[in-house]
Structure formats: C-alpha cells, structure tokens
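*Asks:* My questions will all concern the structure given below.
The values are calculated or read from the model by the stated rules, or taken from the named source; none is laboratory data. The shown structure was predicted, so the numbers you read here are calculated from the model rather than taken from an experiment. Ideal geometry is used to build each Cβ from the backbone, glycine not excepted, and the neighbour counts take in all protein chains shown. Just so you know, the surface numbers come from the protein's heavy atoms only, side chains and all, with ligands and any DNA or RNA stripped out. Shrake-Rupley method; radii C 1.70, N 1.55, O 1.52, S 1.80 Å.
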Amino acid sequence: MTAEHDPAVPPRVLVVAKAPVAGRVKTRLGADIGDEAAAEVAAACLLDTIEAATAAVGAERCHLSLAGDLAEAVRGDEILTATAGWRTTPQVGDGFDERLAHAHAAVAASGPGAVVQVGMDTPQVSPAHLLEAAAPLATHDAVLGPADDGGWWVLALRDPADAAVLAGVAMSTPTTYDDTRAALLGAGLSVAGTATLNDVDTVADAEAVLAAVAPGSRFGDAWRGRVPS
C-alpha cells in the first residue's frame, strides 16, 4: 500500500472543472438545447458539486482545479463565493489525462492525506457519496466509481501522487473506466469500487439524473427552466 489512511481524518475533495462559458462546456448538450442553456446547466452542476464537497469535508479541505476564467463564466461570481476558503489552481497539461495528474499533484503538494476527486458532471452527488467513496481507503489504495457511459465519476486515492498513472490513459471513451482501473492495478495499487452514477452529457442523461437530484438542486432548477417540456 502506498500510504497509511486514518479513517477518522476526513479526506480532501478535489473538483476538476471547466469554467461554465457558453460554447466551451457541455458542447454535446449544447447541440440540442443551445450553448447558453448548456452553460447554465453546467454552472448549476458545478455549484451543486461544490456544495456537496463543502458539506462533506469543509471548505478548508476542498480543492478546485479549474480550466478557463470565471470572469467570463455563467454564474461566475456565485461560483467564486461558493468556493471561498477553497484552494483553487489552474489546470495544467495538454490532455485531460495530464490535467488530472497535475491536479492531484497539486493536492499532494499541499500536504499528506487522502483525496476524493470528482468532476462537474454529476450534480446528484451528495456528501454521503463522497464520504462513501473514501471509506474503502481503509483497506485499499484507490477507489474508482464507474459512470454509466463507460467512464468514471470519482477517483479516491490514499496518496494523490499516485494519480501520475493517469497520464497516458485515454479519457472520455467507452473504456475509460476499464483503462483507468488497469493503470491503477498495473502500478501495484489495490482498487475498490463504489456507486455507479450517471454523467450529464446529453438530454437523456439529464433526464435520468433529474430523478436522482435532491429537491431544490440548482441543476434541477436550471434543467426545468431551460429545457422546454
């Protein structure tokens, strides 16, 4: 095992996200509902995720790895307010695999301890989901949560430096979960699983996730308000 993990110490939570700028986020969704509406949905997804992370471990244990400029983003001021007390760093790297590895490395540089990393595509994520993803780190080096599209929605690591193995793994493919798990195992890490969640990439995804979000979620409000019934 790569590091000791004390279950009594909360993990850090790392959110890897794009600034919700129209035309630069949720482009598959934007093709169906328009870029502005898709950016509204993306902003709502990110805000719901930020809220869950803060509730799970506290703002001082939360990190945001951000691509883009919130000054240009939908609800950018609200996102800045919601991440008060968080550590925010810009994404670095050519591909998403490299950006993920660098984001984890930045968390590792901030001090020891486990990390639970999520994106901005699962607004149904709850504080319980995040803490449940960390729980198997008591006996495993890594936890990988599958998404229904063949990717993954969460990666928890005892040692965030172990995310270096992500470099070279193709992301956003139907085999990303399998390929990521194989990379972790190939590095000698023990890997546990956790709940499967849907990513919001298409209209069908959004409709499915709508049934799973908490009442009053920002995503639910944005989706109902922006998409004709």
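*Asks:* Kindly evaluate residue 38 against the criterion of being more than 19 Å from residue 153 (Cα to Cα), modelled with pLDDT of 95 or more and part of a helix (DSSP H, G or I).
*Replies:* It is true that residue 38 is more than 19 Å from residue 153 (Cα to Cα), modelled with pLDDT of 95 or more and part of a helix (DSSP H, G or I).
*Asks:* For a quick check of your reading of the model, give me the residue pairs whose first member lies in the stretch 138-157 and is within 14 Å of residue 178 (Cβ to Cβ) and among the hydrophobic types (A, V, I, L, M, F, W, C), whose second is in a loop (DSSP other than H, G, I, E, B) and open to solvent by less than 30 Å² (accessible area, probe 1.4 Å), with beta-carbon atoms closer than 7 Å and at least 6 apart or on different chains.
*Replies:* Close Cβ pairs (under 7 Å, with a partner that is in a loop (DSSP other than H, G, I, E, B) and open to solvent by less than 30 Å² (accessible area, probe 1.4 Å)) amount to 147/199.
*Asks:* If you don't mind, there's one more thing I want to ask. If I ask for residues that are out of contact with any helix residue (DSSP H, G or I) (no Cβ under 6 Å at 6 or more places or on another chain) and not basic (Lys, Arg), which ones from the stretch 169-183 would you list?
*Replies:* Once the filter is applied, which keeps residues that are out of contact with any helix residue (DSSP H, G or I) (no Cβ under 6 Å at 6 or more places or on another chain) and not basic (Lys, Arg), the stretch 169-183 yields 170, 172, 173, 174, 175, 176, 177, 178, 179, 180, 182.
*Asks:* A further question on this structure: Tell me which residues, restricted to the stretch 90-107, are polar (S, T, N, Q) and surrounded by fewer than 17 Cβ atoms within 10 Å (Cβ to Cβ).
*Replies:* Matches in the stretch 90-107: none.
*Asks:* Shifting gears a bit: If I go through the stretch 108-135 residue by residue, how many of them are open to solvent by less than 50 Å² (accessible area, probe 1.4 Å), part of a loop (DSSP other than H, G, I, E, B) and within 19 Å of residue 58 (Cβ to Cβ)?
*Replies:* 6
*Asks:* What's the number of the condition residue 25 fails, among (1) part of a loop (DSSP other than H, G, I, E, B); (2) surrounded by fewer than 24 Cβ atoms within 10 Å (Cβ to Cβ)?
*Replies:* Unmet for residue 25, out of (1) part of a loop (DSSP other than H, G, I, E, B); (2) surrounded by fewer than 24 Cβ atoms within 10 Å (Cβ to Cβ): (2).
Listed here are the residues, each with its yes/no results for (1) touching a residue at least 12 places away in the same chain (Cβ under 8 Å); (2) more than 18 Å from the chain's Cα centre (by Cα); (3) open to solvent by less than 40 Å² (accessible area, probe 1.4 Å).
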{"position": "31", "(1), (2), (3)": "no, yes, no"}
{"position": "36", "(1), (2), (3)": "yes, yes, no"}
{"position": "39", "(1), (2), (3)": "yes, no, yes"}
{"position": "43", "(1), (2), (3)": "yes, no, yes"}
{"position": "50", "(1), (2), (3)": "yes, no, yes"}
{"position": "56", "(1), (2), (3)": "yes, no, yes"}
{"position": "60", "(1), (2), (3)": "yes, no, no"}
{"position": "66", "(1), (2), (3)": "yes, no, yes"}
{"position": "74", "(1), (2), (3)": "yes, yes, yes"}
